[in-house]
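Asker: Pasting a structure here, questions to come.
The values are calculated or read from the model by the stated rules, or taken from the named source; none is laboratory data. None of these values were measured; they are calculated from a predicted model. Please note: Cβ atoms are built from the backbone with ideal geometry, for glycine as well, and neighbour counts cover all protein chains shown. These accessible areas exclude ligands, DNA and RNA; they are computed on the full protein's heavy atoms, side chains included. Shrake-Rupley method; radii C 1.70, N 1.55, O 1.52, S 1.80 Å.
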Amino acid sequence: MRLRPRRLRRTPALRAAAAETRLDPAQLIQPHFVLPGAGARQEIPSMPGIERQSIDLLVSQIGRDRDLGVRSVLLFGVPDGPKDARASTAAAGPGGGPPLVAEAVAALRRAYDDDVVVMTDVCLCAYTPHGHCGVLDDRGEVLNDETLPLLAAMALAHARAGAHVVAPSDMMDGRVGALRDALDGAGLSAVSIMSYAAKFASSYYGPFREAAGSAPGKGDRKGYQMDPRNGREALRDALLDEAEGADVLMVKPALAYLDVIAGLRAATRLPVACYNVSGEYSMVKAAAAQGWVDESSVVRENLLAMRRAGADWLITYHAREALAQGWLS
Ligand code: PBG
Ligand code: ZN
């Protein structure tokens, strides 16, 4: 037997030299849930270790995370005010000032300027009473083109406050182009768009919807998010976002869609991001809490799998703990 792959697996140093995939903290993005007010923090029972926080606490948390090496954050608003059919509070605060997430962006830029990459989720579902990601007609159908200007206004508010990256997660057709036009028209051509390009109608979002209060009251999101049966369609939809001017293309969820990550990696020259979503996090946490899996090695293996499939950026609730505990090295 002349061909022996085991030769390169003999020692830790040989294995390190032969490793094809590495995890770099610079590629991790930590999601955050932003509460109104001050001094407010709420645990999320299904996501141990993750909290909703008001802006003051969020700023200090993100400072501590930066010292651990978390350089990028993705912000979600958890508004407590009145919700309306046009998601008014997504784009403007009380009295027409900046909305909640824009306030958080501004506070983070004041504290850390360009030292932390500030990304914001752009979607209406946490701001509408019905919890859908767009405007509804009287039959309860999500209207595509009527939703676009509202998303653009929300993205503009975040960008004006200093967001480096806006990330539309609504899955309306044409929203990347609408955001790009609105940003460019406002002199914000330097702001990037990371599009949730292949976002599937997934049951892995359950804990997030509890955390963000964004579950649809009636129906589901299958009329706009992608069908889990479809890989080719995912590539088609993602490449449309590239053509409309997206700077980064995201696949979401991550672990059940590694084939889509790999396919997209081969189909585009843009950076590919993936979102290791709430349900994926909760499952690891739950099993680890039972002692059924070793958390550190399972998290590392999962993150490596996303990198190996071809993702450049990893959005993951594990980011802080992975760096704090040295799970990546
Ligand atoms: C809202 C949004 C969702 C997530 C990110 N943005 C939920 C959904 O589409 O229902 C999921 C994130 C997660 O599960 O961690 N459009
Ligand atoms: Zn949404």
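One line per residue, one yes/no per condition, for (1) within 22 Å of Glu103 (Cα to Cα); (2) under 16 Å from the mean Cα position of the chain (by Cα):
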| site | (1), (2) |
| --- | --- |
| Glu141 | no, no |
| Thr147 | no, no |
| His158 | yes, yes |
| Asp173 | no, no |
| Val176 | no, yes |
| Met194 | yes, yes |
| Ala197 | no, yes |
| Tyr204 | no, yes |
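Asker: Continuing with the same structure: Run down Tyr257, Tyr275, Tyr196, Tyr281 and say which single residue is out of contact with any strand residue (DSSP E or B) (no Cβ under 6 Å at 6 or more places or on another chain) and under 21 Å from Leu74 (Cβ atoms).
Answerer: Values: Tyr257 fails: out of contact with any strand residue (DSSP E or B) (no Cβ under 6 Å at 6 or more places or on another chain); Tyr275 fails: out of contact with any strand residue (DSSP E or B) (no Cβ under 6 Å at 6 or more places or on another chain); Tyr196 fails: out of contact with any strand residue (DSSP E or B) (no Cβ under 6 Å at 6 or more places or on another chain).
When all the criteria are applied, what remains is Tyr281.
Asker: Could I ask something else about it? Of all residues in the stretch 188-234, which are assigned to a helix (DSSP H, G or I), open to solvent by 50 Å² or more (accessible area, probe 1.4 Å) and more than 13 Å from ligand 1 (Cβ to nearest atom)?
Answerer: Across the stretch 188-234, the qualifying residues are Arg232, Glu233.
Asker: Restricted to the stretch 57-95, and to residues that are of a type in the set (Asp, Glu) and in contact (Cβ under 8 Å) with a residue 40 or more places away in the chain, which residue is farthest from Thr147 (Cα to Cα)? Explain how you work it out, then say what you get.
Answerer: Of the stretch 57-95, the ones of a type in the set (Asp, Glu) are 65, 67, 80, 84.
Of the ones still in play, those that are also in contact (Cβ under 8 Å) with a residue 40 or more places away in the chain are 65, 80, 84.
On the way: Asp65: 35, Asp80: 22, Asp84: 13 Å.
Only one residue tops the list, namely Asp65.
Asker: Among residues belonging to the stretch 248-296 that are assigned to a loop (DSSP other than H, G, I, E, B) and in contact with a Leu (Cβ under 7 Å, 6 or more places away or on another chain), point out the one that is most open to solvent (accessible area, probe 1.4 Å).
Answerer: Taking the stretch 248-296 as the starting set, the residues that turn out to be assigned to a loop (DSSP other than H, G, I, E, B) are 253-254, 268-271, 277, 290-294.
Restricting the remaining residues to those that are in contact with a Leu (Cβ under 7 Å, 6 or more places away or on another chain) gives 268, 270.
Values: Thr268: 11, Leu270: 34 Å².
Among them, the one singled out is Leu270.
Asker: Is it true that some residue in the stretch 134-154 is more than 13 Å from ligand 2 (Cβ to nearest atom), in a helix (DSSP H, G or I) and among the hydroxyl-bearing types (Ser, Thr, Tyr)?
Answerer: No, the stretch 134-154 contains no residue that is more than 13 Å from ligand 2 (Cβ to nearest atom), in a helix (DSSP H, G or I) and among the hydroxyl-bearing types (Ser, Thr, Tyr).
Asker: Can you pull out the residues in the stretch 1-34 that are over 18 Å from Arg308 (Cβ atoms), hydrophobic (A, V, I, L, M, F, W, C) and over 32 Å from the mean Cα position of the chain (by Cα)?
Answerer: Met1, Leu3, Ala13, Leu14 - these are the residues of the stretch 1-34 that are over 18 Å from Arg308 (Cβ atoms), hydrophobic (A, V, I, L, M, F, W, C) and over 32 Å from the mean Cα position of the chain (by Cα).
Asker: Please go through (1) buried (at least 21 other Cβ atoms within 10 Å of the Cβ); (2) under 23 Å from Val78 (Cβ atoms) for Ala178 and return the number of the only condition it doesn't satisfy.
Answerer: With respect to (1) buried (at least 21 other Cβ atoms within 10 Å of the Cβ); (2) under 23 Å from Val78 (Cβ atoms), Ala178 is out only on (2).
Asker: What residue, among those in the stretch 235-247 that are of a type in the set (A, V, I, L, M) and open to solvent by 30 Å² or more (accessible area, probe 1.4 Å), is nearest to Asp184 (Cα to Cα)?
Answerer: So in the stretch 235-247, the residues of a type in the set (A, V, I, L, M) come out as 235, 238-240, 243, 246.
Imposing the further condition that a residue be open to solvent by 30 Å² or more (accessible area, probe 1.4 Å) reduces the set to 235, 239-240, 243.
On the way: Leu235: 26, Leu239: 21, Leu240: 19, Ala243: 16 Å.
Only one residue fits best here, namely Ala243.
Asker: Could you check the stretch 45-69 and list, in sequence order, the residues that are among the aliphatic types (A, V, I, L, M) and in contact with a Pro (Cβ under 7 Å, 6 or more places away or on another chain)? Walk me through how you get there before you give the answer.
Answerer: At the first step, the residues of the stretch 45-69 found to be among the aliphatic types (A, V, I, L, M) are 47, 50, 55, 57-59, 62, 68.
Across the stretch 45-69, the qualifying residue is only Met47.
Asker: State yes or no: is Arg139 closer than 22 Å to Val78 by Cα and basic (Lys, Arg)?
Answerer: On the way: closer than 22 Å to Val78 by Cα: no; basic (Lys, Arg): yes.
No.
Here is a yes/no grid of residues against (1) more than 16 Å from ligand 1 (Cβ to nearest atom); (2) in contact with a Cys (Cβ under 8 Å, 6 or more places away or on another chain); (3) without any contact (Cβ under 8 Å) to a residue 24 or more places away in the chain; (4) not basic (Lys, Arg):
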{"residue": "Pro99", "(1), (2), (3), (4)": "no, no, no, yes"}
{"residue": "Ala102", "(1), (2), (3), (4)": "yes, no, no, yes"}
{"residue": "Val105", "(1), (2), (3), (4)": "yes, no, no, yes"}
{"residue": "Arg110", "(1), (2), (3), (4)": "yes, no, yes, no"}
{"residue": "Thr128", "(1), (2), (3), (4)": "no, no, no, yes"}
{"residue": "Gly131", "(1), (2), (3), (4)": "no, yes, no, yes"}
{"residue": "Asp137", "(1), (2), (3), (4)": "yes, no, yes, yes"}
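Asker: Suppose we filter Ser195, Ser189, Ser169, Ser203 for residues that are within 15 Å of ligand 2 (Cβ to nearest atom) and in contact with a helix residue (DSSP H, G or I) (Cβ under 8 Å, 6 or more places away or on another chain); which single one remains? Let's see the steps before the verdict.
Answerer: On the way: Ser189 fails: within 15 Å of ligand 2 (Cβ to nearest atom); Ser169 fails: in contact with a helix residue (DSSP H, G or I) (Cβ under 8 Å, 6 or more places away or on another chain); Ser203 fails: within 15 Å of ligand 2 (Cβ to nearest atom).
Within the list Ser195, Ser189, Ser169, Ser203, the selection yields Ser195.
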